[in-house]
Structure formats: structure tokens, C-alpha cells
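Here, each number is a calculation from the coordinates, and none is a lab measurement. On a predicted model such as this, the values are computed, not experimentally measured, just so you know. We place every Cβ from the backbone using ideal geometry, glycine too, and count neighbours over all the protein chains shown.
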Amino acid sequence: MNATHSPDHPFNRSTRQPAILPLTLAHAADAARLHILGQPGTFLTALGGDVLTVLYRTLPVSPVGYGYAALGENGQVLGFAAVTTSTGRLFVEMATRRLGQLLPPLLARFTRRPSLILRSAQTLLYPLLAGNADTGSGSCAELLAIMTEPAARSQGIGGALLAAVCAECRSRGVAELTVTVDAANQGARRFYQRHGFVYCKEFFLYGRAMALYTRELLSL
Ligand SMILES: CC(C)(COP(=O)(O)OP(=O)(O)OC[C@H]1O[C@@H](n2cnc3c(N)ncnc32)[C@H](O)[C@@H]1OP(=O)(O)O)[C@@H](O)C(=O)NCCC(=O)NCCS
């Protein structure tokens, strides 16, 4: 499957390419499900599907968030990608505008696994650790997540989602897209390198080695 540079295209019946459409509230629960499938054992996954659904309900309606969903023939979500120009503002919005939805599942998780409270505090330090703290200019964005349904991987869906995200970033004047990936996730690291991301550095978060990559957008 060839990656498309047109962000909004419908399902193509002849080539069977999925539709790449802007991420909306309707995709939130599927995005959370794919996030859990794609990132087992990570901090956000440990927060659970309900908390992740709140994140993916916040992102598409936030001024600092956007993304794309890949939809199959029957409208099923085969993958998604989510971007933010300010991770800090996104988390603050989630905690303020959606507090009622966030608090009950979050408190339930914290009660079951108190160690998650410390990890949540570390999340606040994340922009400093990664060194990609928000400058407020909107010229730099972070790829928060990109996930494809396990059975649909290696068919170009991830590449098509990334192309849509990059096109949207460019149209918003974003010059640089960064991504943090678990250093042990060799498959994802290959994927990013193949798509023009350059390795910057490694740092530790939640006791795990993380690799930071960046891709110039406006010069390409
Ligand atoms: C990384 C990911 C989004 C790529 O999506 P995709 O639809 O398979 O992407 P494409 O088909 O365009 O590209 C496939 C390439 O991705 C890489 N890849 C990374 N993890 C992979 C996996 N688990 N299965 C297959 N390919 C994977 C490979 O380089 C692969 O190339 P290859 O088929 O020649 O080996 C997808 O594999 C995924 O959801 N992985 C789990 C979640 C994850 O790690 N996300 C990135 C961190 S946020």
C-alpha cells in the first residue's frame, strides 16, 4: 500500500486502502483499545482503557491536538495517529475540562496500583526529561501515539497515517515533529527511521530507556 499525502481520502474499494480521516470523538474508545494493544506494559496503558478514552476524547477537540484514523471498509478503526503541539497543555485540559470523566477511573487505578501515582508525577517532568518542552510557538509538535491493529500491520497503514499527520503539521506551520519511543521497541524505531526521523538522544522515564527522534517538516 502506498502512503497517501492526502489527509482525507475515503476507503478505496479497488486497492482496499483504508480511509484516512481526521480523528474524532467517535474514534476515542478504539484509539484507547489500539493503544493498549500496541503499547503493552507502558505507563499510559497501565492507566487503563477508561483513562485513555478520556485522553482520546480530549485530543481531537483541543486547540493543541489533532490526529488521523484509518478506517476499513465497514468503518472499523484499523489504526490511528495522534499529535500535540503541547503535551503539558493537553494533560492540563484533560484534567480540567474532563475531570468528571477522568477522576473515577483514575482513582480506581491509583487505589489498585499506588505506584502509578509516582509515575503520574513523573509524567509532569516528561517535557523537561525529553528536552522538547513546549515553547508555546506551535512550531514543534509531538507524535503522541501511532498504532495499527495487529492483524493489519505491515500493509502501509502506519505510513499512510504518518503522511497524513505530517501534511497536517505542515499546513499548520509545524516545522519539527518529535516522537519518543521505548528504546526496546526496535520495530517502531525502524519505522520512524524509514520515514525520515533522526535519532536525537536516549533518556530515562518510568525506569525505562526511551529514544527521542525528530523529523524536519518544512525543509523536506
Ligand atoms: C509502528 C506501527 C504503527 C507501524 O504501523 P504499520 O501499519 O505496520 O506500518 P507500515 O505497514 O506502514 O510499515 C511497517 C513497518 O513498521 C515497522 N514495524 C514496527 N513494529 C511492527 C510490528 N509489530 N509489526 C509489523 N511492522 C512493524 C517495520 O519496520 C515494518 O516494516 P516491514 O514490514 O518492512 O518490516 C505498528 O507496527 C504498530 O502499531 N506497532 C505497535 C505500536 C507501536 O509501537 N507504536 C509506535 C510507538 S507509539
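With each label modelled as a point 7 angstrom along the Cα→C-beta vector, the residue 198-residue 24 pair spans 3.9 nm. A simple count of charges around residue 76, restricted to other residues whose Cβ falls under 14 Å of its Cβ and scoring Lys, Arg +1 and Asp, Glu -1, yields -1.
Exposure proxy ranking for 56, 206, based on other Cβ atoms within 10 angstrom of each Cβ and starting from the fewest, stands as 206, 56. Helix by helix, which DSSP H runs in the chain go 18 Å or more along their axis at the Cα atoms and have an average Kyte-Doolittle hydropathy of 1.0 or more? Helices meeting the criterion: 115-130, 157-171. Between residue 117 and residue 208, the contour length at 0.36 nm per residue exceeds the alpha carbon distance by 31.1 nm.
From the largest down, the range 19-216 spans 40, 40, 32 angstrom on the principal axes of its Cα atoms. For the chain, modelled as a GNM whose springs connect Cα atoms under 10 angstrom apart, the maximal fluctuation among 158, 173, 207 occurs at 207.
Among 169, 140, the ranking by other beta carbons within 10 Å of each residue's beta carbon, starting with the fewest, stands as 140, 169. Within the listed set 187, 48, 79, the residue fluctuating most in the Gaussian network model of the chain (springs between alpha-carbon atoms under 10 angstrom) is 187.
Exposure proxy for 77, 198, 165: other Cβ atoms within 10 Å of each Cβ, ordered fewest to most, give 198, 77, 165.
If you run the Gaussian network model on the chain, springs between alpha carbon atoms under 10 Å, then out of 178, 111, 42 the most flexible one is 111.
How long is the gain from residue 107 to residue 95 if the chain were fully straight, where each residue apart is worth 0.36 nm and the alpha carbon distance is subtracted?
Working: separation 12, 0.36 × 12 = 4.32 nm, distance 1.27 nm.
Going from the current span to full extension adds 3.0 nm.
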